[in-house]
Structures are given as structure tokens and as C-alpha cells.
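Down below is the structure, laid out as C-alpha cells.
Every number here is computed from the coordinates shown, using simple stated rules; none is lab data. Predicted model only: the values in this text are computed from it and were never measured. Methodologically, a virtual Cβ is constructed for each residue, glycine included, from the backbone with ideal geometry; neighbour enumeration extends over all protein chains shown.
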Amino acid sequence: MLGLMQDRPLLISAILEHAARNHGGAKIVSARADGSLVRHSWPEVAARAAQLAHALAARGVRQGERIATLAWNDHRHLEIYYGVSSMGAVMHTVNPRLFPDQIAYILADAEDTHLFVDPTLVKGAEALADKLPPSLRTIVVMGTEADIPADCPLRARFEVLAQESLIAGQPERYDWPELDERTASSLCYTSGTTGEPKGVLYSHRSTVIHGYAVLQKDVFNIGAEDVVMPVVPMFHVNAWGIPYAAGIAGASLVLPGPRLDPASLHRLIEAEGVSFSAGVPTIWTALLQWLRADPGRRFARPPRLVVGGTALPTAINAGFLKEYGVRILHAWGMTEISPLGSTNARLPQNAGWDEDRFLDYARKQGRPVFGVEFRVRDAEGKEIPHDGVAFGELEVRGPWVARAYFNRPGDPAHTPDGWFRTGDVVTVDELGCIEIVDRAKDVIKSGGEWISSITLENLIMGHPAVAQAAVIGIHHSKWDERPLLLVVPKPGASPSPEELLAYYDGKVAKWWIPDQVELVESLPMTATGKLWKADLKTRYRERSAG
């Protein structure tokens, strides 16, 4: 027997219509590159999204066609988010910080027909002109005609338009199609740290359900009264779903544009009354340092912050809470899971812990949110005990988890029974809270046992002479692999290998301690600011520990 409930599709257009109809008092504030602000409302965003959809439809854009963006967090990007997906096309965000060859590869793989480019990124697009794919026919500069360079070399190969000219005169209402909720809505590529970037194709259904999940109290806890500022880029996993979650809640949005320096972010938080923000650890670390530089810098109303991407050091979390009254929630996710997977909010079992004890615990990535299931298995395929010590690879499944990669039907990313293999090696404690100890590809397999490279890196970063560190496995004739420690010393410091290795004494098992140490001037980083271990492994593949 089936229930007797109405069956309405979960669509992004419904989010936009809801926000415009019921939350006209919320504000959409967008910061320009020069620091000036542009103000809109949800009804105005809906009207401009409709104009964009009309303009694209008049140009022959069809359902399923990919429309790319190279852009920051601003109102025009938000209009593309809603207008393109709601008409049935696929909104494809591209990370402008990727290497040129990666951007060209991504645009070609997606077969985008239109590319929307922020005015500050036009020069970068011009440098890519010869590498852009044949599918691309139009480039839209996200501004007015004045934002298009007079001698724009892109005109030699493409039609170049201004977004304001494109939508001018178009109707401000659009009869959004009633799509199947499983229709593709947006496309985002992984950062390509191992091999070429891979596309993750989200659906309307997965996006809306993920948006609901984001609103939960133990997740982002967003309501209509909130003023939400996503510092996480809109080109990165749809800004963690915040543009959609804000629409569902009817919250106000503050979009910070390209200027993410601490002074600019603090100015927006104070001037616009930001109550919630989300970003990666480097953003919040820089903000804390900036605040501490002047005792007069405070928050009139401390915002709630979420951190994700990599672990936030406990000292940073403690500094925000104890010095500025700012609470930070640790979240974890991946491009392949839309991205939200877990958060580390308090439970009844640790509600009575004092702040210091919970701050130490808060470094962990948390427990799964409703809708996502976790499974952690060891190298033999057995589920690990929840003791906070044993570790294995994290596998996930759920309604906003990718079941395949775009254009890669045979990619071996899933188990035979359908779980997505994250590649993250984690422990699970008695409360069900995971802590990432490594990436599966970076775990060092020594004598049949695993050594966590991340644990070794995090420990050595506590040495006063260490600025950066990386640990990789190198060949060993007896043990298969042994750890190699690479250290970038702080300016003026010259620690000896013996001194560095001695720092591990009593902190890890003796057989975990690296066999070799090398001082280096720098470590390779990816375009998204992550340590590029694949490059290090290539550089040291001939190195042997014995």
C-alpha cells in the first residue's frame, strides 16, 4: 500500500520561487572588486534569474546543456546558479585557481557552450584562448559593456557579450519547467591532485535534499533571521550548498566577491550583521591573526563559523572562542558528496565536558548527518572497531552521494555493493565520531602495518623550527615502505635531522618514526592550496630507505 500524499518534484526553481514569494525582506549583498556593495532582494534575484533563462533559451540553450562559470561569490553568479539550473540546463562552476591546462581540460570534458567570466578574470580567460574547446561558442563577461576590454583577443574566436546586455529587456518571469527531480542541475570537478579532474554531476533532487540537511541545528543551523556569508567559493562544491540552503530558509546572503583578506571580511561581518559564515582553515587562521594584531578589533555580534577542507588546529579554535566569543563547528565533506558528510556538534554524552576538553575533541571531523551512512573497513574488508585507535578507509552512501563520475562510467570509485570509497583513512570513536588520519593513497605501508603520514606531519609542525612538513613513503627492501620526512625550516632556523626525529620520541610508536629527513626550500602545492603529494612521490620514487 502506498501513501496518499502529493508527489511534487524537488527542484531548484522551487527554492527560488519560495524565497522570492515568502522572504522579500531578506537582503542579498554583493561586494565588488573595488570594495563597493550592490544590494538586491530575493525577488530581484528571481527576476534577474528569469531574464537570464529567457536570454539563454532565445540563444538555443537546451536542457542538459552545460553552461560554465569562472567567477567569485557575487549576485550575478547567484543568478546563474538559479537561472541555468531552473531552466533545465547544467550550471558548471570552474575553479579559476586551477592550472590553465586543467581548466582547458575541464571545459573540454564538460563540452560547455557558454562561459561566464568575472571581469577580474577576463585576462586569465584571454590567456586560455588557444586552449578553449570547440564546443564553446560564447563568452559572457559578468558585468556591463564597460567591463569588456576594447581589444579583447577572445573576439577572434568567440562571441563576447556582457551579462547586463544579455539579459536587458528580457521578461522578469519564467515559466520554469516541471523537470524530473533527478535531472542534472550542476557540475563540479575534483581538484585533480591524482590524475585528471573528475566531474561530479548533481541532480535537483540531491541538491534540494542536501540543502535541507545543511539547515539542521547540528549542522549549519540557518534560519530566516540569519545573515549568511559563504566565504567558501561558489566554484567549490556549490559553496557547500549554502546558496540553496539560504534560499530554502529565506536567509539573507552576503557575497564577499574576490576580496577575502581579513580586513574586508571583518568589515562585511560588522557592517552587514553576518551571523553565520563558512570557510577553509587558512581563511579563519588569517582572520584570527589579523584580529590579534590590534586589541581594538572585536565583533559586535560574534558570528558562528564552520570550517572544512582540512582540520583546524585546536589553538585556532580555542583562540576564537576564548578571545572573541566565536564558536567554530568542524565539518567534513567531499565534492562527491555534495559536499556535506559530517559535523562535530555536541552530543548528550559530551554535553557536560568543559570547553578545553571539547575544544581538543573538536579537531575531529564528526559524525554523519542524517541522510549519509558511513562504513569504515580495514585492508581485509572488515569493519573496524569503534575504539578511536583502529583505522580503515571511509566509505559512504546516501541520496546526495555520487554513484558515478561524469564521462567516466568505469571509474573504480565504488565497492561492488555500491558504497563510495572516499580514499580517507579514519578512526571511529565510541561516539561514532570520525577523525581523518590520512588519505588511502598516502598511508605508508610498512611491514604489513599502516603508518599515518598526516599524524607524523601534524606532530612535527609543533616543532618551533618547522614552517612546513610532508611525509611520504619510500621504498624499503624488507619493509616495503618507510617514512621520509621533508621539512621547510622557519626563516633563520636550521634544525638537524637528529633533532627533528627526536621530537617524535614518546609521541608515536618507534617503528613509525621516519628513517630519513631532508630539509627543503619549499613543498609543492596544488591550485586549491593542498600539499601535492603526488608530485613529491614522483620526485622521490628512486629514493630507497634500505
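Key figures for this structure:
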read-out	value
Farthest positive-ward along the stretch 12-279 dipole, Cα basis, beta-carbon charges - from M234, G24, S186	S186
Contact order relative to length of the chain, as percent, for alpha carbon pairs under 8 angstrom and 6 or more apart	10
Helical contribution to [θ] at 222 nm, DSSP H n ≥ 4, -39,500 (n - 2.57), averaged over the chain, rounded to 500	-7500 deg cm²/dmol
Chain lengthening between E430 and D261 when straightened (0.36 nm per residue, less Cα-Cα)	56.9 nm
The stretch 272-416, relative contact order [Cα under 8 Å, separation at least 6], %	16
FRET efficiency, A502 to N458 (Cβ-Cβ, R0 22 Å, nearest 0.05)	0.80
Vicinal HN-Hα couplings computed from phi for the stretch 470-477 (Karplus, 6.51 cos²θ - 1.76 cosθ + 1.60; Hz; Gly/Pro x)	9, 10, 10, x, 10, 5, 9, 5
Calculated FRET efficiency for the pair E44/E270, C-beta based, R₀ 30 Å, to 0.05	0.75
Distance between the stretch 362-388 and the stretch 425-472 - C-alpha centres, whole angstrom	16
Residue-by-residue Karplus 3J(HN,Hα) for the stretch 247-260, coefficients 6.51, -1.76, 1.60, Hz, glycine and proline x	x, 4, 7, x, 6, 7, 10, 10, 10, x, x, x, 8, 10
Two-site label geometry, A150 and E225: point separation in nm, points 7 Å out along Cα→Cβ	5.4
Structure-derived Cα extents along the principal axes in Å - corresponding label in (1) 120, 50, 48; (2) 71, 63, 55; (3) 79, 53, 51	(2)
Long-range amide H partners of G423 with built H, under 5 Å	L394
Normalised contact order of the stretch 12-279, rounded percent, pairs of Cα under 8 Å and 6 or more residues apart	23
Lys, Arg +1 and Asp, Glu -1 on Cβ, resulting dipole of the chain about Cα centre, debye, nearest 20	360
Listed residue (S264, G341, H476) projecting farthest to the positive dipole end of the chain, Cβ model	S264
Mean-position separation - Cα centroids, the stretch 486-520 and the stretch 1-66, in angstrom	53
